[in-house]
């Protein structure tokens, strides 16, 4: 092996945007002769020389998980399981001064934009020809496409602009090249991501170009599904809905974190949209794209949320009947506008009670939606199969990987199991709050 037989493992914490960064790093290392160790193999059995932790620094829970991962890596180094430990990503970007002093056993800390310095530390010269190439860590049939970095929004609770900087779009031609390379690898589903996908193009072209980008991505041979995540509600681009409604390749699925519905909370959040505008947007989306599956995220306990505002949120969720909804409790983050200007006045116990009540409501909405699908015939992309159980797990166009439910498909005896990455038609036979069961047709 040209890298002296060295083996590397990258552990990615947090969101899919971090995953893309890890995949770009791994592509450079693999091309330089490093052997990539998959995370499925226990670390003590993997013979890893260099362990890299790509961290998340968004909210308290994510920060704690990243710190725990770093400490576990340091312990592995002390036991001789690995030779070196490096840390990159949002946490080390955010706490670049504190972390080296607190965890000196780490061999090097690199920020969220520091792939080249990290490669230099590993004696690897970056290859510019690989800029749009990735070493996939997802199953081979789906991949994420990060279309921009950073965010120009000023939401009160969010630390991301302070970590990742201002919005910077990736040039359209580079994205098309990257997507084509992914299709050549066998990717069938492309998941478009960014801190804010709807802002794409403004900095480069003086106009929003997400709709145009999606339209051009549909022309790539081999890509069957294109899914849009991380959209922003204020000034949502209408042409995105038009291409979603008209193109069979664009999944009728939209991830659009709305966060709240009550005016006092939305103002305190600095979301640039009010409750009436939020309600109109949901109505307009459903009208423009019949049958669309909406995924959203809500926050409870933000400063300004009293009982009246929380009741408004419950009524909004009850009326809107989102097919997918996640939620979390407000966590004051140092350096954010909210931490500097608002008082975190809602007790933690009340935040948890509201979170539980909201998710209980959503579970009933999700169950009713899933039950309405029983008997329907759906197209499923197979993710994994279990030959012993003669079942496969997959997703319809209404389920994103990692965040939504799955469809468990039963395969009759005497029929070959579908291959992961293949599309099959199924009849839905059962449902719970989040998952479906189905039979292969």
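Working only with C-alpha atoms, what are the Rg and Dmax values of the chain, expressed in angstrom?
22.4, 66
Report, for region 282-429, the % of DSSP beta bridges that are antiparallel, rounded to 5.
70 percent
Report the dimensions of region 142-371 along its three principal axes from the alpha-carbon atoms, largest first, rounded to Å.
Its Cα atoms span 52, 43, 29 Å along the three principal axes.
I'd like the antiparallel share, as a percent to the nearest 5, of DSSP beta bridges with both residues in the chain.
Here the antiparallel bridges make up roughly 35 percent for the chain.
How many percent of DSSP beta bridges within region 142-371 run antiparallel, rounded to 5?
Just about 10 percent of them are antiparallel.
Multiplying the sequence separation of residue 102 and residue 386 by 0.36 nm and subtracting their Cα-Cα distance, what value in nm do you get?
Length gained between residue 102 and residue 386: 97.8 nm.
What distance in nm separates the simple spin-label points at residue 357 and residue 393, each placed 7 Å from Cα in the Cβ direction?
3.4 nm
Subtract the Cα-Cα distance of residue 280 and residue 113 from 0.36 nm times their separation in residues, and report this length gain in nm to one decimal.
Taking residue 280 through residue 113 to full extension adds about 56.3 nm, to one decimal.
Using a basic spin-label model with each label point 7 Å from the Cα along Cα→Cβ, how many nm lie between residue 137 and residue 319?
Going from the residue 137 label point to the residue 319 one covers 4.2 nm.
Decide, for region 377-440, between rounded, prolate and oblate: order the square roots of the alpha carbon gyration tensor eigenvalues as a ≥ b ≥ c, take rounded if a/c falls under 1.5, and otherwise choose prolate if a/b is larger than b/c, else oblate.
Details: a/c = 1.64, a/b = 1.42, b/c = 1.16.
Since a/c reaches 1.5 and a/b is larger than b/c, the shape of region 377-440 is classed as prolate.
Scattering from the C-alpha atoms of region 286-330 alone, worked out with Debye: what is log10 I(q)/I(0) at q = 0.19 1/Å?
For region 286-330 at q = 0.19 Å⁻¹, log10 I(q)/I(0) is -0.66.
Could you work out how far apart the two model spin labels at residue 423 and residue 41 are, taking each label as a point 7 Å from the Cα in the direction of the beta carbon, and quote it in nm?
That separation, rounded to one decimal, is 3.6 nm.
What ranking, highest mean first, results for peptides 284-294, 123-133 when packing means the other Cβ atoms within 10 Å averaged over each residue?
Descending packing order for the listed peptides: 284-294, 123-133.
For a protection proxy built on the mean count of beta-carbon atoms within 10 angstrom, sort 316-325, 85-94 highest first, please.
85-94, 316-325
Read-outs throughout are calculated quantities, based only on the coordinates presented, and are distinct from any laboratory measurement. None of the values given here were measured: they were computed from a predicted structure. Every residue, glycine among them, receives a Cβ derived from its backbone with ideal geometry; neighbour counts consider all protein chains shown.
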